[in-house]
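First comes the structure, then the notes that go with it.
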């Protein structure tokens, strides 16, 4: 049967970080022997089941630990990107700290995949134009850190003056592209409709309704997730963790794998083609 031609594109990505990299736990005493990397392997299982090539943004201090997995992902045709070295928000680093952080992460990844080009995603979507320009100077292929959602206290509205907008959520200047997280306006607020905590916290019937509405309006969706959201590991969080943080961390994590499979099925039903960022 001839494959159906479509201009609808979906990109699936995962920010490969440990639970203790989350901003919630930056001031907590954490046990780094506890890991949620089973969630990474669950994500790999899901995308392989659906024959999807995905983009993996990996925190630098995990690269050597995940060396074999990274090499296998590259061999299988997945996209490998950088996600800072220690998952520190770029805008809280001075410019020299940020450059060193990014260079160190790039060097670590080059030690495993010396012939590859890489993308970049900022922790917490917290990169500004000054730091983006430094990413470009380092020869990074693309950035996937833009989000338009002013209500979240950790996000940064990235200025892309001088970039040409190509479609709804893609921007280009010369060889370099920036990809924006997919959002939809609901009750006057831009809601990220493509994963993360929103996949768990928004009531599922409402989430599906918003997603279907978004798919009618756009031909590109940029989806992201984290290992802890797909992890089956349950352990006590640090003693000083506020109740609301515990709630946000744990809420509906046991539903994410099923929901992710349903979202992929829905995208296929709507004739979406799955690509990595580096393929666009």
The correct count of residues that are surrounded by 24 or more Cβ atoms within 10 Å (Cβ to Cβ) and farther than 22 Å from residue 180 by Cα in segment 106-128 is 0
Give just the number: which of (1) more than 17 Å from the chain's Cα centre (by Cα); (2) at negative phi does residue 51 not satisfy?
(2)
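Let's see how each residue does on (1) more than 24 Å from residue 261 (Cα to Cα); (2) buried (at least 20 other Cβ atoms within 10 Å of the Cβ); (3) in contact (Cβ under 8 Å) with a residue 60 or more places away in the chain; (4) touching a strand residue (DSSP E or B) at 6+ places or on another chain (Cβ under 6 Å):
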residue: 176; (1), (2), (3), (4): yes, no, no, no
residue: 197; (1), (2), (3), (4): no, no, no, no
residue: 201; (1), (2), (3), (4): no, no, no, no
residue: 213; (1), (2), (3), (4): no, no, no, no
residue: 218; (1), (2), (3), (4): no, no, no, no
residue: 222; (1), (2), (3), (4): no, yes, yes, yes
Having 2 or more residues that are over 30 Å from residue 35 (Cα atoms) is the bar; report the strands (runs of 3 or more DSSP E) wholly within segment 173-253 that clear it.
176-180, 183-186, 189-192
Of the residues in segment 93-110, those that are within 17 Å of residue 129 (Cα to Cα) and within 20 Å of the chain's Cα centre (by Cα) number 3
Boolean, residue 153 is under 17 Å from residue 80 (Cβ atoms) and surrounded by fewer than 17 Cβ atoms within 10 Å (Cβ to Cβ):
no
Any residue at all in segment 235-256 that's under 16 Å from the mean Cα position of the chain (by Cα), under 29 Å from residue 76 (Cα atoms), surrounded by 13 or more Cβ atoms within 10 Å (Cβ to Cβ) and in contact (Cβ under 8 Å) with a residue 40 or more places away in the chain?
yes
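Bear in mind that the values in this text are calculations on the coordinates, not laboratory data. Every value quoted in this text rests on a predicted model; they were computed, and no experiment measured them. All Cβ positions, glycine included, derive from the backbone under ideal geometry; neighbour counts span all protein chains shown.
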